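Undergrad: One structure follows; several queries about it will come next.
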Amino acid sequence: MGTLQVENKSSDGNILTDSTVKVYRQEGTLVQTLHVSELTSIELSIRKYYAVQTEAVLSYMLNNTKTNFTIKANELTKITIVNYLNGNGGNNNNNNNNNGNNNNGSNNINISNPMSNGYIRIVAVNELNQVIPVLSFTLKCNSSSYSETLYTDSNGMAIFKPFVT
């Protein structure tokens, strides 16, 4: 037997509690459903497994990326599930938030913020909440001629660096 320790953190490193992670044998058989608190540990047989988050903490996006790991005799195996804040402040556990809209065209999203300095982070995901790399976003400021186009990276993220409006 060996021990699996699961923790859930925000993208800025804070510990998150109250998420749900399912642990599967490598061939796909469900072994256990975990309700993750600060650090959650379970004993498992020696073999290969994977874990998938099935419920995220409120206000965070679901991270349903498969995390592979191997349990070894008398050893502690640690995995960390990382979540990004959900931009609309709600829970993003459902897998289809496009409200029937076709996202293949151009969509304008207006962001109003009383702060004059800051950055915008965009994480692109599909209807299965899987990241979308190499997707372009253009940021335009209505009060100036500022315009910038970025592409999401391999993690589906694009960050528009600090700007002043």
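The values are calculated or read from the model by the stated rules, or taken from the named source; none is laboratory data. Note that the structure is a prediction, hence the values are computed from the model and not measured. So basically every Cβ, Gly included, is an ideal-geometry build from the backbone, and we count neighbours across all protein chains shown. Ligands, DNA and RNA are excluded from the accessible area calculation, which covers all protein heavy atoms including side chains. Shrake-Rupley method; radii C 1.70, N 1.55, O 1.52, S 1.80 Å.
Undergrad: What do you reckon, is SER116 open to solvent by 90 Å² or more (accessible area, probe 1.4 Å), of a type in the set (S, T, N, Q), out of contact with any Lys or Arg (no Cβ under 6 Å at 6 or more places or on another chain) and modelled with pLDDT under 75?
TA: Taking the combined requirement at face value, the residue does not satisfy it.
Undergrad: Another question, then. Among the candidates ILE46, ILE81, which residue alone is touching a residue at least 12 places away in the same chain (Cβ under 8 Å), surrounded by 17 or more Cβ atoms within 10 Å (Cβ to Cβ), in contact with a Lys or Arg (Cβ under 9 Å, 6 or more places away or on another chain) and of a type in the set (A, V, I, L, M, F, W, C)? Spell out how you get there, then give the answer.
TA: Numbers: ILE46 fails: surrounded by 17 or more Cβ atoms within 10 Å (Cβ to Cβ).
Testing whether each residue is touching a residue at least 12 places away in the same chain (Cβ under 8 Å), surrounded by 17 or more Cβ atoms within 10 Å (Cβ to Cβ), in contact with a Lys or Arg (Cβ under 9 Å, 6 or more places away or on another chain) and of a type in the set (A, V, I, L, M, F, W, C) leaves just ILE81.
Undergrad: Moving on to the next point. Hey, among SER136, SER154, SER145, which residue is modelled with pLDDT of 65 or more and in contact with a Pro (Cβ under 6 Å, 6 or more places away or on another chain)? Can you show your working first?
TA: Working: SER136 fails: in contact with a Pro (Cβ under 6 Å, 6 or more places away or on another chain); SER145 fails: in contact with a Pro (Cβ under 6 Å, 6 or more places away or on another chain).
Just a single option satisfies the conditions, and that option is SER154.
Here is a yes/no grid of residues against (1) more than 14 Å from THR80 (Cβ to Cβ); (2) loosely packed, with under 13 Cβ neighbours inside 10 Å:
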| residue | (1), (2) |
| --- | --- |
| ASN14 | no, yes |
| GLY28 | yes, yes |
| THR54 | yes, no |
| LEU58 | yes, no |
| MET61 | yes, no |
| ASN64 | yes, no |
| ASN68 | no, yes |
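Undergrad: Within segment 2-12, is even one residue within 13 Å of the chain's Cα centre (by Cα), of a type in the set (Lys, Arg) and surrounded by fewer than 20 Cβ atoms within 10 Å (Cβ to Cβ)?
TA: yes
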